[in-house]
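Trainee: What follows is a single structure, and I will ask about it in a moment.
Each reported figure results from applying straightforward, stated rules to the coordinates on display, with no laboratory input. The structure displayed is predicted, hence computed values, not measured ones. As a convention, Cβ positions derive from the backbone with ideal geometry for all residues, glycine included, and neighbour counts pool all protein chains shown.
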Amino acid sequence: MQLYKVFTAVRFFKKLRTAFHLISQPLIAMLLRGAGIAIGHQPTFYGLPKMSRHPASEIRLGDRIVLCSDSNYTALALNHPVKISTIRANARISIGNDVGLSGSCIVCAREIVIGSEVLIGANVLVVDTDFHPILPENRRFSDDEHCIGIAPVYIGNNVFIGSAAIILKGVNIGDDCVVAAGAIVVAGEYIKGSILAGNPARIVGNVYQS
């Protein structure tokens, strides 16, 4: 009898979670648009993402984007909700159509462009800045962009980025590439169809020949 009550309660909470998910979709979209974030048609939100936009910057999300911030809706546990933010004036984040992100963190000081049909796995980090200068003098407090390494990041169409990968400043990833789980991709251009793995990541194969 007790076990039956437990199963009944679990079914009830699952139905409640599904109902809340459906109701929350337009509310989340409205909140984000109210914060000046451009969102395309038919977005899907699993949990509430964290987004912050510098007033003089741009964040654009394409059609049918899926942002998963709740571990209940993905096979892998998420360390945190999806976070997308611009931190400087004139910064620009552009994410194409049919892109899926799970617990990903994207922080932009200049420009991050992500193509369409991109899969970004659990707990991936994408940044275009070092945040602090390399030189030791006043490193903690310096906000001088001339002293801080900043370079745009470009990720092509149909790229698959595995769990916990890190994409750093100055990276240009071609269409159809695969970035292995845990890879750390440093500045450079990676040709179409490359398979990247390691720290620092290097090309270990090609998707068209696998």
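Trainee: Residue check: is GLU145 free of Cβ contacts under 8 Å to residues at least 24 places away in the same chain, of a type outside the set (Val, Ile, Thr) and part of a loop (DSSP other than H, G, I, E, B)?
Mentor: Working: free of Cβ contacts under 8 Å to residues at least 24 places away in the same chain: no; of a type outside the set (Val, Ile, Thr): yes; part of a loop (DSSP other than H, G, I, E, B): yes.
When the stated conditions are applied, GLU145 does not pass them.
Trainee: With the structure loaded, tell me whether LEU119 is farther than 17 Å from HIS41 by Cα and touching a helix residue (DSSP H, G or I) at 6+ places or on another chain (Cβ under 7 Å) or whether it fails that test.
Mentor: On the way: farther than 17 Å from HIS41 by Cα: yes; touching a helix residue (DSSP H, G or I) at 6+ places or on another chain (Cβ under 7 Å): no.
So LEU119 fails the test.
Trainee: ARG139 versus (1) touching a residue at least 60 places away in the same chain (Cβ under 8 Å); (2) more than 17 Å from SER194 (Cα to Cα): which is the lone unmet condition?
Mentor: If we test ARG139 against (1) touching a residue at least 60 places away in the same chain (Cβ under 8 Å); (2) more than 17 Å from SER194 (Cα to Cα), just (1) comes out false.
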